[in-house]
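Taking it in order: structure first as structure tokens, then the write-up.
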Amino acid sequence: MSLPFTSAPTHICLLRLSAVGDVCHALPVVRTIQAHWPETRITWIIGRLEASLIGDIPGVEFIIFDKSRGVAAYREFRQQMKGRRFDALLHMQMSLRASLISLLVPTNIRLGFDRERAKDLQWLFTNHKIAHKAQQHVVDSFFCFAEAIGIKERTLAWDIPLSNEVQQFCEQQIGDDGRKLLVISPCSSMSYRNWNVTGYAAVADYAAEKHNMQVIISGGPAAIEQQHGDQITQRCQHKPLNLVGKTNLKQLLALLDRATVVVAPDSGPAHMATAVNTPVIGLYATTNPDRARPYLSAEFVANRYPEAIEKKHHKHVDELPWGTRVRDEGTMDLITSDEVCALLDKVLAR
């Protein structure tokens, strides 16, 4: 077989281990394949944490690669690949670890990113490339994989299962007093993307005072997230419900599903909220929102990225490589609480 496929392939393998946000970006590609070729079997090689979020999706076989196991993880994966044969591998992750894993996948077609975008030498590990398209959002770049194998249509859907158990968890935490719900997810996995505690607290109080909203602070168990949650709560005049470190990914997704709006920097929870069609006020100064914003919430981005680029490089965004980041401390402070509150007004008015 060769690309593009002119009929439905028997079995496709997708390789995207991490992170949570990028796994959410990749999921619509899987939904597109399922819709276009319902008879095609799909195997997804994924990280352990990410599998806890989407590993129960029907019709997809998930193979977990647990990087914490070191060399043993590669041995186990090679054993799992014995006796298999795939019509194509969609190599959707640019990292050396992922590329080494890709070598163990039995297939003749290894589809990766175009040479211009294939970081970490990914181009050496593939024999087919997606079409080069400049200045794409990550979601759009992933859809190029569907186009390369022969699917032009897009199914922009996520449909991540939420069990009765996690729904009940939400009901226990939130209650039902009729108020609209604001979820603030203050931290990213990269600390330079995090906004300041004072700004988050101001937005939380504004939501409570102006719009009578219930406010929840969410986050994972990491020390920096716990610290942010505690400091935001302490600064608020109207105390939010602090659930930092108290939810797993499924429980968090259920909370985001119940939310009226989410406030977050470029992070996994921002893209999880998109997956359940909840509007996101995205906070962007260090990364380009045109590349990595919440995909369905372009009109609600607090965008100080052009200003940050000008301050750092004394150039316009278009003069620098796509996706250039600004990691300087204090960059996110370019965003003001007033502009985030105005965006909250805009979301609620809609």
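Every number in this text was worked out from the coordinates using simple rules, so none of it is lab data. Here the structure is a predicted model, which is why all the values come from computation and not from measurement. Note that we place each Cβ from the backbone using ideal geometry, even for glycine, and neighbour counts take in every protein chain shown.
Kindly check whether there is at least one residue in the stretch 193-200 that is surrounded by fewer than 19 Cβ atoms within 10 Å (Cβ to Cβ) and outside any helix (DSSP H, G or I).
Checking the stretch 193-200: at least one residue is surrounded by fewer than 19 Cβ atoms within 10 Å (Cβ to Cβ) and outside any helix (DSSP H, G or I).
Give the residue that is nearest to residue 87 (Cα to Cα), with candidates limited to residues of the stretch 49-64 that are in contact (Cβ under 8 Å) with a residue 12 or more places away in the chain and either buried (at least 22 other Cβ atoms within 10 Å of the Cβ) or out of contact with any helix residue (DSSP H, G or I) (no Cβ under 8 Å at 6 or more places or on another chain) (or both).
61
Residue by residue through the stretch 30-48, note down the ones that are touching a residue at least 60 places away in the same chain (Cβ under 8 Å) and either in contact with a strand residue (DSSP E or B) (Cβ under 8 Å, 6 or more places away or on another chain) or within 13 Å of residue 161 (Cα to Cα) (or both).
Hits for the stretch 30-48 are 33, 34, 45.
Could you tell me which of the residues 315, 311 is free of Cβ contacts under 8 Å to residues at least 40 places away in the same chain and in a loop (DSSP other than H, G, I, E, B)?
315
Please find, within the stretch 65-74, the residue that is nearest to residue 85 (Cα to Cα) out of those that are of a type outside the set (Gly, Ala, Ser) and surrounded by fewer than 19 Cβ atoms within 10 Å (Cβ to Cβ).
My answer is 74.
Out of the residues in the stretch 318-334 that are in a loop (DSSP other than H, G, I, E, B) and of a type in the set (A, V, I, L, M), state the one that is surrounded by the most Cβ atoms within 10 Å (Cβ to Cβ).
In this case the residue turns out to be 326.
Looking at residue 167, is it touching a residue at least 40 places away in the same chain (Cβ under 8 Å), in contact with a strand residue (DSSP E or B) (Cβ under 9 Å, 6 or more places away or on another chain) and assigned to a helix (DSSP H, G or I)?
Spelling it out, it is not the case that residue 167 is touching a residue at least 40 places away in the same chain (Cβ under 8 Å), in contact with a strand residue (DSSP E or B) (Cβ under 9 Å, 6 or more places away or on another chain) and assigned to a helix (DSSP H, G or I).
Residues checked against (1) closer than 18 Å to residue 169 by Cβ; (2) assigned to a loop (DSSP other than H, G, I, E, B):
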site: 210; (1), (2): no, no
site: 227; (1), (2): no, no
site: 247; (1), (2): yes, yes
site: 262; (1), (2): yes, no
site: 272; (1), (2): yes, no
site: 283; (1), (2): no, no
site: 296; (1), (2): no, yes
